[in-house]
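Notes to accompany the following structure.
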Amino acid sequence: MDKKDDSKDPGFGEVKKEKPLNSKIRYSRYTGAIKAEVLKGLIAGGIKAEKLKTFINWSIKDPKLKGLVISRTRLERLKLWAARATTVLLLWAIAMQLKALGENLLPRISKSSFPPQRVYENNGYLMVSSNGGLNQMRSGICDMVAIARYMNVTLIVPELDNTSFWNDRSQFEDIFDVDYFIASLRDEVRILKELPPEQKKKVELESLYSMPPISWSNMTYYYNTIIPRMKTYEIVHFTKTDARLANNGIPEEVQKLRCRANYQALRFAPPIEELGKKIVRILRERGPFLVLHLRYEMDMVAFSGCTEGCNEEEIEETTKMRYAYPWWKEKEIDSVKKETLVEASDLVPFQNHSNQMAALDYYVAIESDIFAPTYGGNMAKVVEGHRRYLGYKKTILLDRRALVDLIDQYNNGTLSWNQFSVRVKAAHADRMGNPTTRLEVPGKPKEEDYFYTNPQECLPLVNDEAMNQED
């Protein structure tokens, strides 16, 4: 059969009349070869689906062959559908994984565009063991970031205090978002979760050089004393981090890095932040709220109406004490605590972890409409500074001496309630967390204002008119 004629015949009429195809011979290799040639010619010449169907109906007369072709066609269709189903399932699984990642990681990362990594000649590795409660450790960690940056060393993620009074076994990553901490500061200092293998082996084979840096030191101390020890030992371990950097007399760029570490890089771990947001949302639904940071003395417990940790007898005693004073029972105190705002199951992961509980308190405190500490401990100081950084959010810094005097005058009848109220407000007019200059006492750092209470080098500039309107 002439291939040229086959390819030119659109209806294959001439081919259909040929005897070999109309005879009753069985399917043979010869017949298969002819049909293969015809099919080859069809494909080479370009065909439409209808012509291919005509060819199949014309060519397959043998029932066995036709059944074979139909079976193979069905098999191919099944394979195609199976492939499609597998692809759909795979895409669905990928979508679910991306959704899970999106909820836990992607939104948090997408909010920040991390700066490029700073490249510098590494002078060594700084390991630190933070000491104290959560906020004491927090400020110490920020100091270590600044110190590591300006010594050009690599900082290993700080170890938290697990042996102090608080007896909390939480590690850095249990309280803070460690990956965010590392990435957000990478344009300033290299931070690693642990020592590289070579240095880790060195520590195992040799003794680790440990020391407590001198308290309230300036940068000259670290340049002149610590860097030479870095050159000698390569790895230096600080056994304390609290108050190891002076409040004043520090270059402005160092002060600003302390702020950046504290207010931007030290973000709480997702479980803490999520529950903190939930508590704040519940409180905001009820209206503006004040966070009161108390010292738990008997009179303070009675005055506030808070009976946390008291037994039935003590609750009754403090209630009687409060109602014995007319101005204390002026109104019922609508006090709440996180245990009454959220389900008990929400707090289960944080139980027996005092630092994680303190982190929740810290989060709610900086978000509150008003913060009023009755005692100037580490939490009060650090929260006050953070609220200044957030735009001078109202923080009532109680003048305890003035209050005692005014209360005495009210008790002896010298002042009426209205007079007492006016004078209390007047005494605190400039104690609302307004912009002010940090107090410096040369040679007596413990008597001056703590840097993290009033980080003036990092605070927004505001005018008096704006502050008055806010009040």
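None of the figures in this text is laboratory data; all of them are computed from the coordinates on show. Keep in mind that what you see is a predicted model, and the values were worked out from it rather than measured. All Cβ positions, even for glycine, are placed from backbone atoms using ideal geometry, and neighbour counts span all protein chains on display.
Seen from every direction in turn and averaged, the convex hull around the alpha carbons of region 146-213 projects onto 6.0 nm². Within region 175-252, report the GluC sites (Glu not before Pro) that DSSP leaves as loop and that have at most 10 other Cβ atoms within 10 Å. Filter output for region 175-252: GLU194. Rounded, prolate or oblate for region 340-471? Axes are the square roots of the Cα gyration tensor eigenvalues, ordered a ≥ b ≥ c, and the cut-off for rounded is a/c under 1.5. The shape class here is oblate.
What does the C-alpha gyration tensor say about the overall shape of region 125-265? Classify as rounded when a/c is under 1.5, otherwise prolate if a/b is larger than b/c, or oblate.
Cα axes put region 125-265 in the rounded bin.
Kindly provide log₁₀ I(q)/I(0) values, in the same order as q = 0.15 Å⁻¹, from the Debye equation applied to equal alpha-carbon scatterers of region 390-454. Debye output, listed in q order: -0.63.
Counting Lys +1, Arg +1, Asp -1, Glu -1, what net charge surrounds LYS193 among other residues with beta carbon under 14 Å of its beta carbon? Net of charged neighbours comes to -3. Between ARG169 and GLN117, the contour length at 0.36 nm per residue exceeds the Cα-Cα span by 15.5 nm. Projected label points at ASP369 and LYS79, each 7 Å from Cα along the beta carbon direction, are separated by 7.2 nanometres. A simple spin-label model places the labels of ASP408 and THR232 5.7 nm from each other, with each point 7 Å out along Cα-to-Cβ. Pairs to check: LYS256/LYS394; LYS381/LYS444; LYS256/LYS381; LYS200/LYS231. Give those whose C-alpha atoms are more than 20 Å from each other in this structure. Cα-Cα > 20 Å for LYS256/LYS394; rest within.
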